[in-house]
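The values are calculated or read from the model by the stated rules, or taken from the named source; none is laboratory data. Remember, it's a predicted structure, so these values are computed and weren't measured experimentally. Methodologically, a virtual Cβ is constructed for each residue, glycine included, from the backbone with ideal geometry; neighbour enumeration extends over all protein chains shown. Protein only, heavy atoms only, side chains kept; ligands, DNA and RNA dropped before computing areas. Shrake-Rupley method; radii C 1.70, N 1.55, O 1.52, S 1.80 Å.
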Amino acid sequence: MANIVSSLTQKRYLQGRAYIVNELTDIFCIGAMNIDRIFQLKAPLLNYTSNPVNSTITVGGVARNVAENLGRMELSVSLLSLAGSDADFEEIKTVTQPFVNLDHVKTLENHNTSSYTAILGENGQMEVAFADMEICDQMNGEWVSSYQLPIQNCQLIAMDLNLNKSGVQQVIHLAKKQKIPLVVIPVSGPKMNHLPEDLSGITWLVVNQDESEEFFKRKVENENDFLHLAHLWIEKGVENVIITRGTNQLLYVNKAKKNTYFQPPRNPNVIDVTGAGDSFVAGLIYGLKKAYPPNEAIHYGITNSYYTVQSASTVRQNLQAHLFEQERQTIGNCEIH
């Protein structure tokens, strides 16, 4: 009996000497959620007056997008984030709550829910954009520590870099201490400075070439430079790194510095690439949670991204676990070597 209790405690099914059963969430997604507003001009922009536009409003945020993908894949997932007590958060709840546990989202008075507003010209190119992400500054180490118990009881963590540096460091510390697999999604080049120097504790890093160049202050001139960037991530302590570069070959390197390239299939039906990266990460996590080998989990990431860009939605509305398994078979083998 003692051996059974010890095993369950190590696996975080039990806590403390009273043997209290923990309420487990398989996956914790930590980071941003926001409202995206896109206004496309019908005529050239005129200053100091109203301009006719077509507008769309969607729910976004990297951690939230990954969480909704995973929830639609029928995995147990919670979102840890911050919101304002406003209509934007109510909209996010309406879209997200059917698939994601939002019990750990805290609302802050005198703060707005994160939002992104873009003005597009008649040709679809961005003319100006506004990002109100100030609430993310509150995602610090103290905030993360206040959720230590539910975090340490999960089976996998996915974190975006909208947390400030102390928050990122605390999540990495908890994951390393509790031996919880941690997947990190950088978000953008400017957010790369939220990463600490020591990256041990990060199980998977899914990053693009530009973000890697920004972090290491190195420009890729050839394929050897690209490979070297991946090896630098491993030397920093990351166990597995995937570097993407749009529709070109992506590179996977593990802690033994074994290199594998994958060529995503050409997609003739692209509607909107928004959410491609988030859906890739969610597909990867799905594969990892199903205990597939890393190379096969990457194929699930490629599959989800391939079908997401064929949808006008950031998270495709037809995503279901059994259909996703069928879709994986249609993609075939993307591994190069």
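Annotations
- Pick from the stretch 140-159, criterion under 20 Å from Thr107 (Cβ atoms) and small (Gly, Ala, Ser), ranking: most open to solvent (accessible area, probe 1.4 Å): Ser146
- Long-range neighbours under 6 Å by Cβ, at least six apart or interchain, first residue under 13 Å from Leu182 (Cα atoms) within the stretch 230-241, second part of a loop (DSSP other than H, G, I, E, B): Gly237/Asp198; Gly237/Leu199; Gly237/Ser200; Val238/Leu199; Val238/Ile202; Glu239/Thr203; Glu239/Lys255
- Residues that are of a type in the set (Lys, Arg) and either more than 17 Å from the chain's Cα centre (by Cα) or open to solvent by 40 Å² or more (accessible area, probe 1.4 Å) (or both), drawn from the stretch 42-98: Lys42, Lys93
- Of the residues making up the stretch 225-246, just one is assigned to a loop (DSSP other than H, G, I, E, B) and closer than 10 Å to Ser212 by Cβ, namely Arg245.
- All positions within the stretch 25-63 that are in a loop (DSSP other than H, G, I, E, B) and closer than 25 Å to Leu195 by Cα: Asp26, Gly31, Ala32, Met33, Gly61
- Among (1) closer than 26 Å to Pro190 by Cα; (2) part of a strand (DSSP E or B); (3) touching a helix residue (DSSP H, G or I) at 6+ places or on another chain (Cβ under 8 Å), the one test that Phe130 misses: (3)
- Test: residue in the stretch 309-327 that is modelled with pLDDT of 95 or more, more than 20 Å from Val66 (Cα to Cα) and out of contact with any helix residue (DSSP H, G or I) (no Cβ under 9 Å at 6 or more places or on another chain): yes
- Residues located in the stretch 171-193, provided they are open to solvent by 40 Å² or more (accessible area, probe 1.4 Å) and at negative phi: His173, Lys176, Lys177, Gln178, Pro181, Pro190, Lys191, Asn193
- For His104, the conditions (1) assigned to a loop (DSSP other than H, G, I, E, B); (2) within 29 Å of Leu199 (Cα to Cα); (3) open to solvent by less than 40 Å² (accessible area, probe 1.4 Å) are fulfilled apart from (3).
- Residues that are within 17 Å of Asn267 (Cα to Cα) and open to solvent by 30 Å² or more (accessible area, probe 1.4 Å), drawn from the stretch 279-312: Tyr306, Tyr307, Gln310, Ala312
- Selection of the stretch 107-123 for residues being open to solvent by less than 30 Å² (accessible area, probe 1.4 Å) and part of a loop (DSSP other than H, G, I, E, B) yields Thr113, Ser114, Gly121.
- Identity of the residue in the stretch 193-221, under 14 Å from the mean Cα position of the chain (by Cα) and not in a loop (DSSP other than H, G, I, E, B), that ends up modelled with the lowest pLDDT: Asn208
- Selection within the stretch 154-181 - closer than 24 Å to Ser114 by Cα and outside any helix (DSSP H, G or I): Ile157, Ala158, Met159, Asp160, Leu161, Asn162, Leu163, Asn164
- For the stretch 313-337, the candidate set comprises residues that are open to solvent by 70 Å² or more (accessible area, probe 1.4 Å) and within 19 Å of the chain's Cα centre (by Cα); within that set, the residue that is farthest from Ile57 (Cα to Cα) is Gln320.
- Residue match in the stretch 132-139 (condition: in contact with a Lys or Arg (Cβ under 7 Å, 6 or more places away or on another chain), open to solvent by less than 30 Å² (accessible area, probe 1.4 Å) and within 28 Å of Gly71 (Cβ to Cβ)): no
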